[in-house]
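Derivation of every value follows stated rules applied to the coordinates shown; laboratory data play no part. Being a predicted model, the structure only gives us computed values, none of them experimental. Using ideal geometry, Cβ is built from the backbone for each residue, glycine included, and neighbour counts are taken over all protein chains shown.
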Ligand code: KG4
Ligand code: ZN
């Protein structure tokens, strides 16, 4: 097969949200890949006074940082531009100002170095990260849980996905962040809620388990946020740790119910003896959620892979690896390719 002939070395850029990141990865599908450098500059301090990411601030910060981040990624990797096979950048979905910065930079480098350009879908990058960690054959089941995305799908190949379920309102990370805001915890709320939940009683507040038992694998989290808002507004002297623990327990029960449903859909579509569930996105860093999913996988005959937190949250190594996957298949993009605020996985071109 063409993929196994040789290693590919790709520079990847990620600027779709509030991280300015660049990375050089070398490898060959189906993995693993070697991360030669992985530089991530978080803009957290710039956004946290506003309780969320401010698009204009993000775009400006990306412009200021991108050149030095790319320089750092190249020098740490020890790879000269001449030895790079392609330049990859997130081309969407994401905050359009930020995506433009990364994609334009990648175009300039590709042109200056005479290398091909790869316009990476940010969701595909999250979806393929597991193969950078260890060899993993298609198809596998992916649960993508982050601040902007909440979906469960079959990854059948590069550019080939079947969506089983998505959120009908908020993403799960967004729900963590909003619940944290109600409890007056700083942004991003996910890690704060997780820490607080460890000290609380998960049975203290009876919260809804959204979508539990429903057909299909769609998610919903806005009702849960509303329920938390009501508790905070109507119960004087609430115990924040108990609210956090009750909230996290409700999220876990809702998530696991939806994933079991998706596992059934995957099994009826794919004849794989021991399928794998891959979990990606920032919320995959949550230990309680990870433990619940590990147990769920065991109980349902699935293997499970959760990349380390630094590769679950937004980073450029995943973009570079998606570039390696596309490079191996000769899937390059013209310099005229544009940034996209919205870019569903289902609309990706497959080889
Ligand atoms: O993937 P990511 O870095 O960015 C995108 O949204 O694309 O994910 C960030 C999200 C935030 O909503 C954050 O609160 C959530 O992931 N998060 C967590 C945890 N760590 C990050 N949520 C729950 N528990 C965590 N430990
Ligand atoms: Zn992401």
Response to the item:
Unit-weight point scatterers at every alpha-carbon of segment 188-250, Debye formula, q = 0.13, 0.21, 0.29 1/Å: log10 I(q)/I(0) is -0.36, -0.85, -1.27
Fill in: Choice from 239, 18, 314 with maximal GNM fluctuation in the chain (Cα, 10 Å cutoff)
239
Item to complete: Can you check how the C-alpha radius of gyration of the chain compares to 2.2 N^0.38 Å, as a plain ratio?
Response: 0.99
Worksheet item: P(r) of segment 63-213 in 5 Å steps, Cα pairs, percent per bin?
Response: 2, 7, 11, 14, 15, 15, 14, 10, 6, 3, 2, 1, 0
Worksheet entry | 20 Å cut-off, amide nitrogen to a point 7 angstrom out along residue 67 Cα→Cβ, residues in segment 97-138 | 98-114
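Where both residues lie in segment 140-309, what percent of DSSP beta bridges are antiparallel, nearest 5?
Details: 12 of 20 bridges.
So the antiparallel bridges amount to about 60 percent of the total.
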Worksheet item: Which three lengths, in whole Å and largest first, does segment 298-351 cover when its Cα atoms are put on their principal axes?
Response: 47, 25, 24
Discussion item. Given an 8 Å cut-off on Cα distances and at least 6 residues of separation, report the relative contact order of the chain as a percent.
Written reply: 25
Discussion item. What is the angle, in °, between the Cα long axis of helix 122-133 and the longest principal axis of the Cα atoms in the chain? Nearest 10 is fine, range 0 to 90.
Written reply: 80
Worksheet, complete the sentence: Per the rule of 0.36 nm per residue minus the C-alpha distance, extending residue 76 to residue 156 adds in nm 25.4 nm
Practice prompt. Can you give me the P(r) profile for segment 1-106? Cα pairs, bins 10 angstrom wide beginning at 0, each as a whole percent.
Written response: 16, 42, 29, 11, 2, 0
Item to complete: Stick to Cα atoms and the Kirkwood definition of Rh, then tell me Rg/Rh for segment 135-201.
Response: 1.13
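Which order do peptides 85-94, 159-168 fall in by mean Cβ count within 10 Å, highest first? Numbers along the way, then the final one.
Details: 85-94: 26.3, 159-168: 18.5.
Descending mean neighbour count gives 85-94, 159-168.
Can you show me the helix-derived [θ] at 222 nm for the chain, built from DSSP H runs with n ≥ 4 at -39,500 (n - 2.57) apiece and divided by the number of residues, rounded to the nearest 500.
So the calculated ellipticity at 222 nm is -13500 deg cm²/dmol.
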Practice prompt. Would you mind telling me the antiparallel percentage of the DSSP bridges in the chain, rounded to 5?
Written response: 65
Worksheet, complete the sentence: Computed over the chain: longest principal axis from alpha-carbon atoms vs helix 240-269 long axis, angle to nearest 10 degrees, is 60
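Hey, any idea what the orientation-averaged projected area of the convex hull of segment 42-150's Cα atoms comes to, in nm²? Please list the in-between numbers first.
Values: hull surface 33.6 nm².
Hull-based average projected area comes out at 8.4 nm².
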Item to complete: For each of 268, 68, 23, count neighbouring Cβ atoms within 10 Å of the residue's Cβ, then give the residues from fewest to most.
Response: 268, 68, 23
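If you average the sequence gap of Cα pairs under 8 Å that are 6 or more apart and divide by the length of segment 140-309, what percent do you get for the contact order? Before the final figure, lay out each step's value.
On the way: 321 pairs, mean separation 46.3, N = 170.
Relative contact order comes out at 27 percent.
Sort 36-49, 139-152 by the packing proxy (mean of other Cβ within 10 Å over each peptide's residues), most packed first. Let's see the in-between values first.
Numbers: 36-49: 16.6, 139-152: 24.8.
Going from most to least packed, we get 139-152, 36-49.
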Worksheet item: Between segment 314-330 and segment 260-302, how many Å separate their Cα centres?
Response: 24
Worksheet item: How big is the shadow of the Cα convex hull of segment 251-351, averaged over all directions, in nm²?
Response: 8.4
Fill in: Nearest-ten-degree value, helix 172-182 long axis tilted from longest Cα axis of the chain
50
Fill in: Rounded Å value of the spacing that divides the Cα centres of segment 140-186 and segment 90-131
21
Worksheet item: If each Cα of segment 140-309 is one equal point scatterer, what is log10 of I(q)/I(0) from the Debye formula at q = 0.08, 0.16, 0.17 Å⁻¹?
Response: -0.23, -0.87, -0.97
